[in-house]
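> Encoded as structure tokens, here's the structure I'll be asking about.
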């Protein structure tokens, strides 16, 4: 069986299993789709605000300004200054940080220290603010309490351990 049949086969298995158990499959599917649309409508304002904020952050030059301010500290820690914009953008935007990684690959090559650090950082960090917006918005919570500080701390840890992994595995 080819890989192209896995998803349709799994879907058919779910429908078949539901029919065997006497579940009104189509009605349940429609109820689930309806609830999914409600969740999407609840999330839309927060996601719009996040997207607009990321665009403003990128267009305003704030990432470049912060990168310049953090460059001396990063040099002290051995973190390549070229990867600082990725560290700053990753918590906000997955697609924006992916575009930044592609640019770093183009400029330095994927096998350079900067390219390897960018790859490790992409794989070990999360779009913290996007995930927080989606998860908290889905359940109607607006106060993140300790979740956001813990997530930001994990982003800092991801950067530190990415640098450590780079040094351990690539010298």
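The values are calculated or read from the model by the stated rules, or taken from the named source; none is laboratory data. Just so we're clear, the structure is a prediction, and the values are computed from it rather than from any experiment. Ideal geometry is used to build each Cβ from the backbone, glycine not excepted, and the neighbour counts take in all protein chains shown.
> Among the numbered conditions (1) part of a helix (DSSP H, G or I); (2) over 19 Å from residue 68 (Cα atoms); (3) over 16 Å from the mean Cα position of the chain (by Cα); (4) without any contact (Cβ under 8 Å) to a residue 40 or more places away in the chain, tell me where residue 119 comes up short.
(3)
> Here is a follow-up. Only one of these is at pLDDT 90 or above, over 30 Å from residue 117 (Cβ atoms) and exposed (fewer than 11 other Cβ atoms within 10 Å of the Cβ): 11, 18. Name it.
Numbers: 18 fails: exposed (fewer than 11 other Cβ atoms within 10 Å of the Cβ).
That would be 11, the only listed residue that is at pLDDT 90 or above, over 30 Å from residue 117 (Cβ atoms) and exposed (fewer than 11 other Cβ atoms within 10 Å of the Cβ).
> Is segment 37-59 home to any residue that is farther than 30 Å from residue 154 by Cβ and surrounded by 11 or more Cβ atoms within 10 Å (Cβ to Cβ)?
The answer is no, given that none of the residues of segment 37-59 is farther than 30 Å from residue 154 by Cβ and surrounded by 11 or more Cβ atoms within 10 Å (Cβ to Cβ).
> Let me ask you something else. Kindly indicate which of 135, 130 is under 26 Å from residue 49 (Cα atoms), free of Cβ contacts under 8 Å to residues at least 12 places away in the same chain and surrounded by 12 or more Cβ atoms within 10 Å (Cβ to Cβ).
Just a single option satisfies the conditions, and that option is 135.
> Here's another thing I want to ask about it. So residue 103 passes all but one of these: (1) assigned to a helix (DSSP H, G or I); (2) closer than 19 Å to residue 157 by Cα; (3) under 20 Å from the mean Cα position of the chain (by Cα). Which condition number does it fail?
All conditions pass for residue 103, except number (2).
> How many residues does segment 138-149 contain that are over 17 Å from residue 91 (Cα atoms) and surrounded by 10 or more Cβ atoms within 10 Å (Cβ to Cβ)?
2
> Then there is this: Working carefully through the options 123, 115, find the one that is surrounded by 13 or more Cβ atoms within 10 Å (Cβ to Cβ), over 30 Å from residue 37 (Cβ atoms) and at pLDDT 90 or above.
Sole residue among the options that is surrounded by 13 or more Cβ atoms within 10 Å (Cβ to Cβ), over 30 Å from residue 37 (Cβ atoms) and at pLDDT 90 or above: 115.
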